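Structure, as structure tokens:
The values are calculated or read from the model by the stated rules, or taken from the named source; none is laboratory data. All of these numbers come straight from a predicted model, not from anything done at the bench. FYI the Cβ positions are ideal-geometry reconstructions off the backbone, even for glycines, and counts take in every protein chain you see.
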Amino acid sequence: MSVFSEKLQDKFKHYLARYETRRSAILPILHEIQDEYGWIQPEHIESLEKEYGLAKVHVQEVVSFYSMYRTEKPRPYRIYFCDNIVCTLMGAEKTMEKIRKVMKSYEDKGLESPFSLEGVPCLGVCDGAPAMLVNKERYLRVDSEKVEEILMKYGA
Ligand code: FES
């Protein structure tokens, strides 16, 4: 029995028939999985290999290359922190470390952190480095002190 719904399986068949090579169908198939489940889980990748002959290594290459694919369960507040050169030079790593500590403090209490953290290449606001987004809200010049205040707005 498949881990995927019948509706999803029909969509997969459609994409696999549409493209010349099976590998070309990986992107739209992953989009469909993410739309249905919210994220790409390891069992999904296993099943794509077993059920559809899409090599695990090829699927993982795609998932790890494109930041639009989520490999962690979505949280209410998704933090995208720029880890490109300007933000790195302005202290992005120190601020990201602070965010990781806040996230870990939830785990230490046996709670699920409401935050997820993802490094992204350049948010296009280099003059405001280090920069981050929380969902769609943009924050500039985010040092490790300022980030604490920001996260408190989201209940941290
Ligand atoms: S390098 Fe960080 S916003 Fe451009």
Exercise for review: Evaluate segment 109-121: report whether one residue or more is at pLDDT 95 or above, aliphatic (A, V, I, L, M) and in contact with a Leu (Cβ under 9 Å, 6 or more places away or on another chain).
Suggested key: no
Exercise for review: Kindly indicate whether M96 is surrounded by fewer than 16 Cβ atoms within 10 Å (Cβ to Cβ), of a type in the set (A, V, I, L, M, F, W, C) and under 20 Å from the mean Cα position of the chain (by Cα).
Suggested key: no
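Can you name the residue in segment 33-46 that is farther than 15 Å from P74 by Cα and surrounded by fewer than 17 Cβ atoms within 10 Å (Cβ to Cβ) and is also farthest from the chain's Cα centre (by Cα) among such residues?
In the first step, residues of segment 33-46 are kept if they are farther than 15 Å from P74 by Cα; the result is 43-46.
With the extra rule that they be surrounded by fewer than 17 Cβ atoms within 10 Å (Cβ to Cβ), the set shrinks to 43, 46.
Numbers: E43: 17, E46: 19 Å.
Here the answer is E46.
When you look at M90, is it within 29 Å of Q41 (Cβ to Cβ), buried (at least 17 other Cβ atoms within 10 Å of the Cβ) and within 11 Å of the ligand (Cβ to nearest atom), yes or no? Explain how you work it out, then say what you get.
Values: within 29 Å of Q41 (Cβ to Cβ): no; buried (at least 17 other Cβ atoms within 10 Å of the Cβ): yes; within 11 Å of the ligand (Cβ to nearest atom): yes.
The answer is no for M90.
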Point to revise | Unique residue being without any contact (Cβ under 8 Å) to a residue 24 or more places away in the chain and under 18 Å from the mean Cα position of the chain (by Cα) when the list is M132, M103 | key: M103
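Return the residue satisfying two criteria in turn: it lies in segment 117-127 and is more than 14 Å from V147 (Cα to Cα) and outside any loop (DSSP other than H, G, I, E, B), and of such residues it is nearest to the ligand (Cβ to nearest atom). Can you show your working first?
Quick first cut of segment 117-127, residues more than 14 Å from V147 (Cα to Cα) only: 118-127.
Filter once more, so that each one left must be outside any loop (DSSP other than H, G, I, E, B): 118-120, 126-127.
Details: E118: 14, G119: 10, V120: 9, C126: 4, D127: 8 Å.
Of everything passing the filter in segment 117-127, C126 is nearest to the ligand (Cβ to nearest atom).
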Check your understanding: What number of residues within segment 65-116 satisfy the criterion of being in a loop (DSSP other than H, G, I, E, B), within 14 Å of M132 (Cβ to Cβ) and in contact with a helix residue (DSSP H, G or I) (Cβ under 6 Å, 6 or more places away or on another chain)?
Key -> 1
Point to revise | Given (1) under 30 Å from E148 (Cα atoms); (2) in contact with a helix residue (DSSP H, G or I) (Cβ under 8 Å, 6 or more places away or on another chain), index of the condition R22 fails | key: (1)
